[in-house]
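Here's the structure we're looking at; comments come further down.
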Amino acid sequence: MAGLSRGLLRLIKARLPKGLLGRSLLILVTPLVLLQLVSAYVFYGTHWDMVTRRLSTGLAGDIGTVADLLRLYPGRANREAIFTTAGWRMGAEFGLEEGGILKRTGMLGAASPLETLLTGYSLEANLMGAMAERLGRPVFIDTVHSERSILINVQLRDGVLTVRVSRKRLYSPTTTIFVLWMVGTSMLLFGIATLFMRNQVRAVRRLAAAADSFGKGLDVPNFRAEGAAEVRQAAAAFTLMRDRLKRQVAQRTEMLAGVSHDLRTPLTRMKLQLAMMEGEGVADLAEDVADMERMVEGYLAFARGEGTEKAEHTDLVALLEDVAAKLRREGAAVDLHCEEEISLLCRPHAMARTLMNLAGNAVRYARHVAIRAGRRADGVEVIIDDDGPGIPADKREEVFKAFVRLESSRNPQTGGVGLGLTIARDLVRSHGGELALEDSPLGGLRVRLRLPL
């Protein structure tokens, strides 16, 4: 039983709307629907039944009056006068089958599902009860022979009285008015609620879009706080966070520009002095200075990032073709296969350096490199496979840390300072993407790069 309940709950949750607009409207509509159902139950259970009882009683009284007049004033001429007058007053048709005997009593007809559900009895049952109370004679009621009228047969002493009366005699227009008013006001309130909720949800969506764009390194100049107080508060907090981050990046960039100048100047003097010196150990010292210069450039590249470059729509295929061409000119075996026309919103120089870094790593440690790029669902995927030594599975996350090098699998004489993959993942994530390392079908390492469109 508990498993059935959990399965039912999972089914209900799967059918519920996932978005804020749908859930908010559900919260508003559910009480409204319950209110309408309760109102309909009360209306059909009290007012509707009371009105139909009175209408049925009135019709039964009119037919009883006609039956009494026929008994008090016998004769064909009197009968015709009574039928004409009563038919005009009641809006009904009367007839008498002289000497006839009613072969069937009771009622031919069925209650509507709505009437049965809400009231437990039908209009026909009310009419049958009123006829039995007012006439006290055998009666047969046929409600299905016509859509517009009801046929009533009453057994009299002289024969069978036939009455054909319009169904409007037994229905009140307030029923239709009530239903139309209820449905109309419900739709009006639902429309108003939808408009208000869409405005509130639009503010949340704009905040989410602004945060997503800023997370990808895009500028959000026209964003402003709007919507409910809570949404405005969140938007104001986002704006303050954006301004603080921009100031921090600007200050760091300015500081690193000065550090770069201060460090390069003494390194340049050292290189000039070493070029003029001769003797034992000069070559080793010059190599150390070159290593120091490469390390400084790596540190600055890692700290500086690419925050100042503007994002623009870029042809990813052209970037990959440029990368492959540069590597082939250096003698690398690179196989490139891309889908046509892959346009991507990114910072082109940063993306080009990222792709060159990843493909260059593969070329450095492998004999053959295959690059594939294509659209996948709502994004773009770039895969770089090589047949090199690869990276152990338990070390693949560690290599993304700054200054980490795996000397057991990468040649320390040809490698950098351990910042290449760190910078690459940082740049990819700044574009809203992800960088992962996997096993390659070529036997080496696979680099999987996912970027949103």
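Ala324 sits among other residues whose Cβ lies under 12 Å from its own Cβ, and their net charge, with Lys and Arg +1 and Asp and Glu -1, is 0.
Residues whose amide H lies under 5 Å from that of Arg446, counting only those 5 or more places away or on a different chain, are Glu438, Asp439, Ser440; hydrogens are built 1.01 Å from N in the peptide plane. Peptides 440-448, 264-272 ranked from most to least packed by the mean count of surrounding Cβ atoms within 10 Å: 440-448, 264-272. Ala373: net charge of surrounding residues, Cβ under 14 Å, Lys/Arg +1, Asp/Glu -1, itself excluded? Combined, the nearby Lys, Arg, Asp and Glu give -3. Taking all Cα pairs closer than 8 Å and separated by 6 or more residues, the relative contact order of the chain comes to 10 percent.
Can you spot the aspartates and glutamates whose alpha carbon is less than 18 Å from Lys103's alpha carbon? Ignore those fewer than 8 places along the same chain. Straight-distance partners of Lys103: Asp142, Asp158. Once the chain from Glu97 to Arg157 is taken as fully extended at 0.36 nm per residue, the excess over their C-alpha distance is 20.5 nm. Entry note, the stretch 312-452: relative contact order of 23 percent, from Cα contacts under 8 Å with a spacing of 6+ residues. Which residues does the label zone of Val259 cover in the stretch 308-335, counting backbone N under 18 Å from a point 7 Å along Cα→Cβ? Under 18 Å, as judged by backbone N against the label point of Val259, lie 308 of the stretch 308-335. Each of Arg252, Arg450, Arg247 has some number of other Cβ atoms within 10 Å of its Cβ, and from fewest to most they run Arg247, Arg252, Arg450. Taking the stretch 373-389 and a reference point 7 angstrom along Cα→Cβ of Arg364, the backbone N atoms nearer than 16 Å belong to 386-389. The modelled label-to-label distance between Arg372 and Trp181, using points 7 Å beyond Cα along the C-beta direction, is 6.9 nm.
Footprinting exposure proxy ranking of Ser24, Ser343, fewest other C-beta atoms within 10 angstrom first, gives Ser343, Ser24. Exposed loop sites are taken as GluC sites (Glu not before Pro) in a DSSP loop (any state but H, G, I, E or B) with at most 12 other beta carbon atoms within 10 Å; the longest stretch of the chain without one runs 1-146.
Full extension of the segment from Asp219 to Leu72, taken as 0.36 nm per residue of separation minus the current Cα-Cα distance, would add 43.1 nm. Dividing the radius of gyration of the alpha carbons in the stretch 49-100 by their Kirkwood radius gives 1.04 for Rg/Rh.
Taking label points 7 Å from Cα along the Cα-to-Cβ direction, Glu341 and Arg328 give a separation of 2.4 nm. Among residues other than Ile342 with Cβ under 12 Å from its Cβ, the summed charge is -3 (Lys and Arg +1, Asp and Glu -1). Helix 173-215 and the longest principal axis of the C-alpha atoms of the chain enclose an angle of approximately 0°.
In degrees between 0 and 90, to the nearest 10, how far off the longest principal axis of the chain does helix 123-134 point, with axes built from Cα atoms? Between the helix axis and the principal axis of the chain, the angle is about 20 degrees. Estimated from the Cβ-Cβ distance and a Förster radius of 35 angstrom, the FRET efficiency linking Leu20 and Glu321 is about 0.20.
This structure gives Kirkwood radius over Cα pairs in Å, computed directly, and of (1) 31.5; (2) 25.3; (3) 23.1 that value is listed as (1).
For the stretch 1-70, trypsin sites (Lys or Arg not before Pro) are listed when DSSP marks them as loop and at most 11 other Cβ atoms sit within 10 Å of their Cβ; the list is Lys18. Distance between the 7 Å Cα→Cβ label points at His47 and His313: 5.9 nm. Under the combined filter of DSSP loop state and at most 12 neighbouring Cβ atoms within 10 Å, the stretch 312-384 retains these trypsin sites (Lys or Arg not before Pro): Arg367. Express in nm, to one decimal, how much length is gained between Arg448 and Met276 on full extension, taking 0.36 nm for each residue of separation and deducting their alpha carbon distance. Contour length minus the Cα-Cα distance gives 57.1 nm. I need the calculated FRET efficiency for the pair Leu37 and Trp88, taking r as the beta carbon distance and R₀ as 35 Å, to the nearest 0.05. That pair, Leu37 with Trp88, gives E of 0.25. With respect to the chain, whose longest principal axis is taken over its alpha-carbon atoms, helix 2-15 is tilted by about 80°.
Every read-out reported here was derived from the displayed coordinates using simple, explicitly stated rules and does not represent laboratory data. Computed from a predicted structure; not experimentally measured. Cβ: placed from backbone, ideal geometry, glycine included. Neighbour counts: every protein chain shown.
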